[in-house]
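Q: Below: one structure in structure tokens.
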Amino acid sequence: MKVLVAAPLHEKAIEVLKKAGFEVIYEEYPDEDRLVELVKDVDAIIVRSKPKVTRKVIEAAPKLKVIGRAGVGLDNIDLKAAEERGIKVVNSPGASSRSVAELAIGLVFAVARKIAFADRKMREGVWAKKQCMGIELEGKTIGVVGFGRIGYQVAKIANALGMNVLLYDPYPNEERAKEVGGKFVPLEELLRESDVVTLHVPLVETTYHLINEERLKLMKPTAILINAARGAVVDTDALVKALQEGWIAGAGLDVFEEEPLPKDHPLTKLDNVVLTPHIGASTVEAQMRAGVEVAEKIVEALKG
Ligand code: NAD
């Protein structure tokens, strides 16, 4: 059987496929026309957020049985076309949870201790000691909005740091909450009580602009907002206003309503914001886990 790997994949994942006896063809991010040629006789395709597996590609692959996405989002795969053909789609949703959680906590530290700001000043030759007064995290309250895979990891780290953990999720898992010393509260209460609010919800209709002007106004003026979920979970215009006018103290953002974040965006002008270019899952460990998990699922789907 033949597997087309159409995006960079960890070598351990390739090993899993080869050990299972599959022939592996590798080509990085082929465009649609090239993909159509490549899929003619393959049993499986592995992609990441690219390339696009369109209906045209699926229709050109008569032997195709499974599409693997090393990572989470499936928006580059025509799921309807796959379903119509009975093609299985597999991904690795848990592979990057710890990495995203560690980045979120990293952003909390970076904002709370003004690390990025201080670094910028150092490079300008400015010893900005007086402007870099920060806060400690121990004893502070963190509000985790969305207590799923990533939210759980964030809460676990925050608990280990000695923070009080508040949780909000429409499907509260009390068992897991106990493990991290967390308490479920209504969203409004979480926003009012937390020194740090961190978002870990999926982007769906009910979470679009979940954090809007009204909710930002509920937060403490000393609070920090972290978004490593999806840009559109926060109303960016309202957030810029909140940061400019001091409704909240700072923000750490890994995701944006428009990515890449446009050059000269108002967020880039604010000293109380730390920005990273959607790197939550960008660790060696997460990439390896994502690749291996998807390769194992492909083996299972083709052989099982
Ligand atoms: P998950 O499905 O395990 O958890 C999401 C949780 O959010 C669930 O418990 C769900 O009940 C809850 N939820 C749904 N609607 C909600 C609402 N309105 N209010 C509060 N909670 C709500 O997902 P996960 O693996 O923890 O990932 C969370 C999100 O993180 C993903 O959907 C993705 O958008 C984002 N993510 C970002 C990166 C990055 O690079 N920054 C990487 C991976 C995932």
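The values are calculated or read from the model by the stated rules, or taken from the named source; none is laboratory data. Predicted model, so just to flag it, every value in this text is computed and none were measured. Neighbour counts run over all protein chains shown; Cβ positions are idealised from the backbone, glycine included. Heavy atoms of the whole protein, side chains included, go into the accessibility calculation; ligands, DNA and RNA do not. Shrake-Rupley method; radii C 1.70, N 1.55, O 1.52, S 1.80 Å.
Q: For region 42-77 and region 205-264, what is the separation of their C-alpha centers, rounded to whole Å?
A: Each part reduced to its Cα centre gives a spacing of 34 Å.
Q: A follow-up question, please. Kindly provide the helix-only [θ] at 222 nm of the chain, computed as the sum of -39,500 (n - 2.57) over DSSP H runs of four or more divided by all residues, to the nearest 500 deg cm²/dmol?
A: -10500 deg cm²/dmol
Q: Give the accessible surface of region 96-275 per residue, rounded to a whole number of Å², with probe radius 1.4 Å and ligands, DNA and RNA excluded.
A: Accessible area per residue: 51 Å².
Q: Could you calculate the contour length gain from Val126 to Phe109, that is, 0.36 nm times the residue separation minus the distance between their Cα atoms, to one decimal place in nm?
A: 4.0 nm
Q: What does the extension gain come out to for Asp75 and Arg55, with contour length at 0.36 nm per residue minus their alpha carbon separation?
A: Using 0.36 nm per residue and subtracting the Cα-Cα distance, I get 5.9 nm.
Q: Something else: Rounding to the nearest 20 debye, state how big the charge dipole of the chain is about its Cα centre with +1 on each Lys and Arg Cβ and -1 on each Asp and Glu Cβ.
A: 580 debye
Q: Right, here's the next one. With +1 on each Lys and Arg Cβ and -1 on each Asp and Glu Cβ, and nothing else charged, work out how big the dipole of region 1-108 is about its Cα centre, in Debye to the nearest 20.
A: Around 300 debye, computed over region 1-108.
Q: How large a share of the accessible area of region 56-96, in percent, is made up of carbon and sulfur atoms when the probe is 1.4 Å and the other protein chains stay in place?
A: Of the solvent-accessible surface of region 56-96, carbon and sulfur hold 53 percent.
Q: Sticking with this one: Taking the dipole about the Cα centre of the chain, with the C-beta of Lys and Arg at +1 and of Asp and Glu at -1, give me whichever of Val292, Val89, Ala70 is farthest to the positive side.
A: Val292
Q: Assuming R0 = 35 Å, can you tell me the calculated FRET efficiency for the pair Glu138 and Lys63, based on Cβ-Cβ distance, to the nearest 0.05?
A: Working from the Cβ atoms, E equals 0.05.
Q: Next question, about the same structure. Using a cut-off of 19 Å between alpha-carbon atoms, which aspartates and glutamates can reach Lys217, once sequence neighbours fewer than 8 places away in the same chain are excluded?
A: Glu188, Glu189, Glu193, Asp195, Asp235, Asp237, Glu245
Q: Rounded to a whole number, what is D in µm²/s for the chain from Stokes-Einstein with the Kirkwood radius over alpha-carbon pairs (20 °C, 1.002 mPa s)?
A: For these conditions, the coefficient is 102 µm²/s.
Q: Under 5 Å between amide hydrogens, which residues at least 5 positions from His10 or on another chain qualify, with H placed 1.01 Å from N in the peptide plane?
A: Gly291
Q: Strictly over 25 Å apart at the Cα level, which of Lys178/Lys297; Lys121/Lys220; Lys18/Lys65; Lys114/Lys269; Lys18/Lys156; Lys12/Lys88 would you flag in this model?
A: The pairs that break the limit, which is 25 Å between Cα atoms, are Lys178/Lys297; Lys121/Lys220; Lys18/Lys156.
Q: Expressed as a rounded percentage, what relative contact order does region 96-275 have, with Cα pairs under 8 Å and six or more residues apart?
A: Relative contact order for region 96-275 comes out at 20 percent.
Q: In terms of modelled amide H atoms, which long-range or inter-chain residues lie less than 5 Å from the amide H of Val90?
A: Answer set, sorted by chain and number: Ile67, Gly68, Arg69.
Q: What is the set of long-range amide H partners of Val197 at a cut-off below 5 Å, with H atoms built 1.01 Å from backbone N?
A: Gly143, Ile224, Leu225, Ile226
Q: Pick out, from Leu166, Met219, Pro266, the residue whose Cα sits farthest towards the positive end of the charge dipole of the chain, with +1 on the Cβ of Lys and Arg and -1 on the Cβ of Asp and Glu.
A: Looking along the dipole axis, the top candidate is Leu166.
Q: For region 153-219, which chymotrypsin sites (Phe, Trp or Tyr not before Pro) pass both filters: DSSP loop (anything but H, G, I, E, B) and at most 15 other C-beta atoms within 10 Å?
A: Tyr208
Q: How about region 113-222: which trypsin sites (Lys or Arg not before Pro) there lie in a loop by DSSP and see at most 16 other Cβ atoms within 10 Å?
A: Passing sites in region 113-222 are Arg113, Lys217.
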